1. Do we find that LEU71 is in contact (Cβ under 8 Å) with a residue 12 or more places away in the chain and either small (Gly, Ala, Ser) or touching a strand residue (DSSP E or B) at 6+ places or on another chain (Cβ under 7 Å) (or both) in this structure?
2. Between residues in the range 7-20 that are on the phi < 0 side of the Ramachandran plot and residues that are open to solvent by 60 Å² or more (accessible area, probe 1.4 Å) and part of a strand (DSSP E or B), which pairs lie under 9 Å by C-beta distance while being six or more apart or on different chains?
3. Taking the stated definitions as given, is SER139 part of a helix (DSSP H, G or I), closer than 17 Å to VAL154 by Cα and at pLDDT 90 or above?
4. For ASN112, work out the one condition from (1) touching a residue at least 60 places away in the same chain (Cβ under 8 Å); (2) of a type in the set (S, T, N, Q); (3) open to solvent by 80 Å² or more (accessible area, probe 1.4 Å) it doesn't fulfil.
5. Among the residues of the range 45-72, which ones are over 13 Å from ALA1 (Cβ atoms) and not in a helix (DSSP H, G or I)?
6. Mind checking which residues of the range 70-81 are open to solvent by less than 70 Å² (accessible area, probe 1.4 Å) and within 19 Å of the chain's Cα centre (by Cα)?
7. Mind checking which pairs have a first residue in the range 46-66 that is more than 21 Å from ARG82 (Cβ to Cβ) and open to solvent by less than 50 Å² (accessible area, probe 1.4 Å) and a second that is part of a helix (DSSP H, G or I) and among the β-branched types (Val, Ile, Thr), Cβ under 9 Å, 6 or more apart or different chains?
8. Assuming GLU125 fulfils every condition listed in (1) open to solvent by 90 Å² or more (accessible area, probe 1.4 Å); (2) farther than 30 Å from ALA1 by Cβ; (3) not in a loop (DSSP other than H, G, I, E, B) apart from one, which condition is it?
Amino acid sequence: AFPSAASLGVELKSFKCKDMRHGDYQCNAAMPLYQKLKAAGALPDGVSTPQQVASAIIDAIGADNPVMEDLKVNGPGFIMSRIKASYLLDGVNDILKNAAPTKPVLTAQSGNVVVDFSSPNIAKEMHVGHLRSTIIGESVCRILEYVGADVSRVNHV
């Protein structure tokens, strides 16, 4: 809907809704995008509010989106959405059928990845807090290996 959004420095993020009655996810990008477009004098014809920017984004997503449904504008320009039950069902059925989720395609130019994470401090008394970084780092490595990356682990003490 607004190809210049990224060049205007607007972050396109979605967040889990705090109140699930409104939707599964919300996106507030329409409000800062409206401000940036207005400041640049680049508002399209017929767009004069953040709510109209949000509506244009929803129209661009389309009703045939395979992942999201019930897209609507709430308040000053929040875009609310729900995840389609059919999308979730297909994902669960894929896991049950294949005994694992379908591997996503690695899009990076190189499949080589270096993950630097700390090991437990051997000079201190061991407790569960020392393992946090190691567990997170190892988890990231395993996910990257799962999608086909050649992972090099760099642990430091």
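1. yes
2. That search, which allows pairs on different chains as well, returns SER14/TYR25; PHE15/TYR25; LYS16/TYR25; CYS17/TYR25.
3. yes
4. (1)
5. Listed by number, the residues that qualify are ASP45, SER48, THR49, ALA63, ASP64, ASN65, PRO66, VAL67, MET68, GLU69, ASP70, LYS72.
6. Passing the criteria: LEU71, PHE78, ILE79, MET80, SER81.
7. That search, which allows pairs on different chains as well, returns VAL47/VAL53.
8. So the condition that GLU125 fails would be (3).
The values are calculated or read from the model by the stated rules, or taken from the named source; none is laboratory data. For clarity, every value in this text was computed on a predicted model and none was experimentally measured. Please note: Cβ atoms are built from the backbone with ideal geometry, for glycine as well, and neighbour counts cover all protein chains shown. Side chains included, ligands, DNA and RNA excluded: accessible areas come from the protein's heavy atoms. Shrake-Rupley method; radii C 1.70, N 1.55, O 1.52, S 1.80 Å.
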